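For reference, the structure discussed in these notes is given below.
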Amino acid sequence: MLTVKKFKGRLERSNRSDWLHVAIDANNAKQFYIVGNGGMGNTISAPIESYLPEIKEWVIRQINSGELIKDEKKSLLLDRNILIHYISLAQSN
């Protein structure tokens, strides 16, 4: 099972094959997705509710504190055919 600690580590691995991203539905701000590498240039996603509740709680806390920020650009999540906004780690100065 993916723990918050493991999730945080994979969230920071943008150049590795086991990376994860958080996304939010562009039409439903309450629906989050975890997006991962599906191989061959594809992504695979699942609703955040498929993971431990602590992961969603951590994501919401990080958004509220400004540690995670929403990209205003919309992207198409192909495996679900929906528009999403990716959420990424805030850049440190």
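The values are calculated or read from the model by the stated rules, or taken from the named source; none is laboratory data. Given the structure is predicted, the values throughout are model-derived calculations rather than measurements. In this analysis, Cβ positions are derived from the backbone assuming ideal geometry, glycine residues included, and neighbour counts consider all displayed protein chains. Protein only, heavy atoms only, side chains kept; ligands, DNA and RNA dropped before computing areas. Shrake-Rupley method; radii C 1.70, N 1.55, O 1.52, S 1.80 Å.
Annotation for the range 13-22: no member residue is open to solvent by 60 Å² or more (accessible area, probe 1.4 Å), touching a helix residue (DSSP H, G or I) at 6+ places or on another chain (Cβ under 9 Å) and among the hydroxyl-bearing types (Ser, Thr, Tyr).
When the range 27-44 is filtered for residues that are open to solvent by less than 50 Å² (accessible area, probe 1.4 Å) and either farther than 20 Å from ASP79 by Cβ or under 13 Å from the mean Cα position of the chain (by Cα) (or both), the ones remaining, listed by number, are GLN31, PHE32, TYR33, ILE34, VAL35, GLY36, THR43.
Hey, any hits in the range 52-71 for a residue that's under 18 Å from ASN15 (Cβ atoms), touching a residue at least 24 places away in the same chain (Cβ under 8 Å) and not aliphatic (A, V, I, L, M)? No. Counting only residues that are modelled with pLDDT of 95 or more and either at positive phi or not small (Gly, Ala, Ser) (or both), the range 36-50 holds 3 of them.
Figure legend. Inter-residue proximity from the range 5-18: first residues at positive phi and touching a residue at least 40 places away in the same chain (Cβ under 8 Å), second residues exposed (fewer than 11 other Cβ atoms within 10 Å of the Cβ) and of a type in the set (Val, Ile, Thr), beta-carbon distance below 6 Å, spacing 6+ or different chains. No pairs are indicated. Please verify whether PRO47 is free of Cβ contacts under 8 Å to residues at least 12 places away in the same chain and surrounded by fewer than 18 Cβ atoms within 10 Å (Cβ to Cβ), treating the condition exactly as stated. The answer is no for PRO47.
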